[in-house]
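Only one structure is covered here, and it is reproduced in the block below.
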Amino acid sequence: MDEKQLHTILENIGLSRKEAKIYLALLDYPESTLADIVRKTRMPRMTCHSILEKLFTGGFIDIIIKRKRKFFIVIPPKQLLDRLSQQLQEFRDALPRLEKHHRILRDMPRVHYFNGKEGLRLIFWRLLQEQRPFVVITEIEDMEKIAPEYFHDFIDQRIVKRIPVKMLTNRTSGSLKMKERDMQEFRQTRFIPRNYEFHTATYVSGNLVAIISLRRNPPTALIIEDSDVAKTYRMYFDLIWEQTEIR
């Protein structure tokens, strides 16, 4: 196992890159002064001092005084493993109570607000993670204008995952072309009457409702996670779906 892999393992248990570097340096030199560590790591003195304090507080190193000088001693890896194993066991023992608290929070509605294109990317990612059929009312041309790269990437990934979608949209040249590919892209498309104008996208998947304002630049978005809200929005969708044009 090389040095880079050791760094990665230490970072995976909570150390920063610089903390891992100092911990490994102390393994090679069990008793070191601050000056020794600065020389070995070639890091600034103040940085080393700050990191050593964090390692001491976290239980990764110890401090002894010899001849009125402060020496830093690394906690042996086996001892560190024993402590981490004990902490993991304590977490396992507490898991039933933690899950009980989580169920209480999980049953509460959750609302998230996003501003900008990254919010759209997150919404698309969440829909893909749901991995279940969803419905959407959207304005295709607006979506093409504000985030074409995210929109098309989302469609491509949805097709790969074979996630079906029912889509209500306005009748445009772009939406008509999309409808031609409905069968191969696991989609059903219907058109909202021409006298209705809108500039939003509303996705409903499972207990998740995502509402995006497409006219704003940057776009704004809202995610609501609640079974009752999602059920109501799906009911709205079904009512409109039955009244819209197939061709």
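Within the listed set His112, His49, His152, the Gaussian network model of the chain (springs between alpha-carbon atoms below 10 Å) gives the highest mean-square fluctuation for His49. Quick one: of Lys18/Lys54; Lys117/Lys166; Lys40/Lys68; Lys18/Lys68, which pairs are farther than 19 Å apart, Cα to Cα? Check vs 19 Å cut-off fails for Lys117/Lys166; Lys40/Lys68; Lys18/Lys68. Peptides 230-241, 133-144 ranked from most to least packed, by the mean per-residue count of other Cβ atoms within 10 Å: 133-144, 230-241. Note on the chain: with charges restricted to the Cβ of Lys and Arg (+1) and Asp and Glu (-1), its dipole about the Cα centre is near 820 debye. Over all Cα atoms in region 50-187, the spread is summed up by Rg and Dmax: 26.6, 85 Å.
Region 1-77 and region 206-247 have their alpha-carbon centroids 53 Å apart. Of the residues Thr33, Thr220, Thr200, the one that moves most in a GNM of the chain with alpha-carbon contacts below 10 Å is Thr33.
Counting pairs of alpha carbon atoms under 8 Å apart in space and at least six apart in sequence, what relative contact order in percent does region 3-77 give? Don't jump to the answer; show the numbers that get you there.
Values: 77 pairs, mean separation 22.4, N = 75.
RCO, region 3-77: 30 percent.
Can you tell me the mean projection area, over all orientations, of the convex hull of region 182-238's alpha carbons? Units nm², please.
Working: hull surface 20.6 nm².
Taking a quarter of the hull surface, the average projection is 5.2 nm².
Please tell me the relative contact order of the chain in percent, rounded to the nearest whole number, where contacts are Cα pairs under 8 Å and at least six residues apart.
On the way: 318 pairs, mean separation 39.8, N = 247.
Value for the chain: 16 percent.
Amide H contacts of Thr33 (H built 1.01 Å from N, in plane; Pro and chain starts excluded): Phe72 sit under 5 Å, all sequence-distant by 5 or more or on other chains. Candidates Ala230, Phe60, Ser205 compared by Cα position along the dipole of the chain: farthest toward the positive end lies Phe60, with charges placed on Cβ. Principal axis extents of the Cα atoms in region 3-77, from largest to smallest and rounded to whole angstrom, are 37, 23, 20.
Relative to the Cα centre, what is the charge dipole magnitude of region 3-77, using +1 at the beta carbon of each Lys and Arg, -1 at the beta carbon of each Asp and Glu, and rounding to the nearest 20 debye? Don't skip to the answer; put the middle values down first.
On the way: 14 positive and 8 negative charges, 87 e Å.
Result for region 3-77 is approximately 420 debye, rounded to the nearest 20.
Evaluate 2.2 N^0.38 Å with N set to the residue count of region 110-243, then give the Cα radius of gyration divided by it. Display every interim value, and only then the final one.
Numbers: Rg = 13.7 Å, N = 134, 2.2 N^0.38 = 14.1 Å.
Rounded to two decimals, the normalised Rg is 0.97.
Calculate, for Ile9 and Lys145, the FRET efficiency according to 1/(1 + (r/R0)^6) with r their C-beta to C-beta distance and R0 51 Å; round to the nearest 0.05. Kindly include the intermediate steps, with their values, before the conclusion.
Values: r = 46 Å, r/R0 = 0.91.
E(calc), rounded to 0.05, equals 0.65.
Shown in residue order for region 10-26 are the 3J(HN,Hα) couplings computed by the Karplus curve 6.51 cos²θ - 1.76 cosθ + 1.60 at θ = phi - 60°: 5, 5, 5, 9, x, 7, 7, 4, 6, 5, 5, 4, 6, 4, 5, 5, 6 Hz (x for Gly and Pro). Seen against the Cα atoms of the chain and their longest principal axis, helix 227-243 is set at about 30 degrees. Projecting the Cα atoms of Leu122, Val38, Ile140 onto the dipole axis of the chain, where Lys and Arg carry +1 and Asp and Glu carry -1 at the beta carbon, places Val38 farthest toward the positive end.
Any read-out appearing in this document is the output of simple, stated calculations on the displayed coordinates, not a laboratory observation. All of these numbers come straight from a predicted model, not from anything done at the bench. Virtual Cβ from ideal backbone geometry, glycine too; neighbours counted across all protein chains shown.
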